[in-house]
Structure formats: structure tokens, C-alpha cells
Amino acid sequence: MVLICCILFFLLLFCSVPIFIALGVPCAMWFVDSGTSFVTFAQKFFNSCDSFAMLAIPFFMLAGNIMEKTDITQSLLDLANAAVGWIRGGIAHTVELAGILLAGLSGSSNADTPPLWRC
């Protein structure tokens, strides 16, 4: 059954079917073949979607779109370029500093940690 689902998935992708349908049809086939009840399926589906990480994904995308539409990202890139753009390899330093600044704005504490730059 695994082979059939994989072949069907790639066949649907090759036929330019939208990705959610290409993923959903083989999963539905797997569900029907396994013989589980619809109640069990609904409970597992809800439990997998009921998490803060899944909720954070669309909000991070929304924050990125808002920052792009209001030109905050361009301002941060200009600031980073003015700060470290003159250094040899300045484009790489500019990208890294802009990433650190964007991570600080988005609230990602792990991404705020700068890498060990070689000076």
C-alpha cells in the first residue's frame, strides 16, 4: 500500500494537481485501507492541529507580509548595509546582521544569537 500511495502522490504531482490534493488523496486511500473509524481519524486530526507551533506558522507569515508591505525589511537592510556593508565581504555581513535584526523583531530568541564571525 505504501508503494501505491507514493506512486499516486508523484503521479498527481506530475499531472500538476495542487499539492494539498496530491497529499490528501493518498492519505485518504491509506485511511480507507487501514479500516480505522472516522471518530479516531477526527480525534487524531484535531490533536495534531491543536498546538501552539502550528498556530505560530501563519502568524509568522502574516508578520513577514506586514513587514514587507510597510518597507520595514528594506529599512533594516539599509541599516545593516550602513553598519557593516563597507567591510570586506560586506554583503554576507549585511545579510547576517539583517537576519539578526529581523529575528529580534519577530521574537525568535534562538535566532538572536550571532554566529562566530571571523574578523
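Just so you know, all these numbers are worked out from the coordinates, no wet-lab data involved. Computed from a predicted structure; not experimentally measured. Cβ placement follows ideal geometry from the backbone for every residue including glycine, while neighbour counts extend to all protein chains displayed.
Measure nothing fancy, just the Cα-based angle from helix 19-34's long axis to the longest principal axis of the chain, in degrees from 0 to 90, nearest 10.
40 degrees
So what's the angle, to the nearest 10 degrees on a 0 to 90 scale, between helix 38-49 and the longest Cα principal axis of the chain?
0 degrees
Based on Cα coordinates alone, diagonalise the gyration tensor for the chain, multiply each eigenvalue by 5, take square roots, and list the semi-axes in whole Å, largest first.
They are 44, 18, 14 Å, listed largest first.
Between Ala82, Ala28, Leu13, whose Cα lies farthest towards the positive end of the dipole of the chain when Lys and Arg beta carbons carry +1 and Asp and Glu beta carbons carry -1, centred on the Cα centre?
Leu13
Given the rule -39500 (n - 2.57) for each run of at least 4 DSSP H residues, summed and divided by the residues of the chain, what is its mean residue ellipticity at 222 nm, to the nearest 500 deg cm²/dmol? Before the final figure, lay out the partial values.
Values: 6 runs with 89 residues, N = 119.
So the calculated ellipticity at 222 nm is -24500 deg cm²/dmol.
In whole Hz and in residue order, list the ³J(HN,Hα) couplings for segment 90-101 that follow from phi through the Karplus curve 6.51 cos²θ - 1.76 cosθ + 1.60, θ = phi - 60°; x for Gly and Pro.
Once rounded to whole Hz, the list reads x, 5, 5, 5, 5, 5, 5, 5, 5, x, 5, 5.
Do any chymotrypsin sites (Phe, Trp or Tyr not before Pro) in segment 49-108 lie in a DSSP loop with no more than 15 other beta carbon atoms within 10 Å, and if so, which? Don't jump to the answer; show the numbers that get you there.
On the way: sites: Phe52, Phe59, Phe60, Trp86; in loops: Trp86.
Hits after loop and neighbour filter: Trp86.
Label points 7 Å out from Cα along the Cβ direction at Val17 and Leu105: separation in nm?
The answer from the label model is 4.0 nm.
With everything on Cα atoms, drop me the angle between helix 72-84 and the longest principal axis of the chain, reported from 0 to 90° to the nearest 10.
50 degrees
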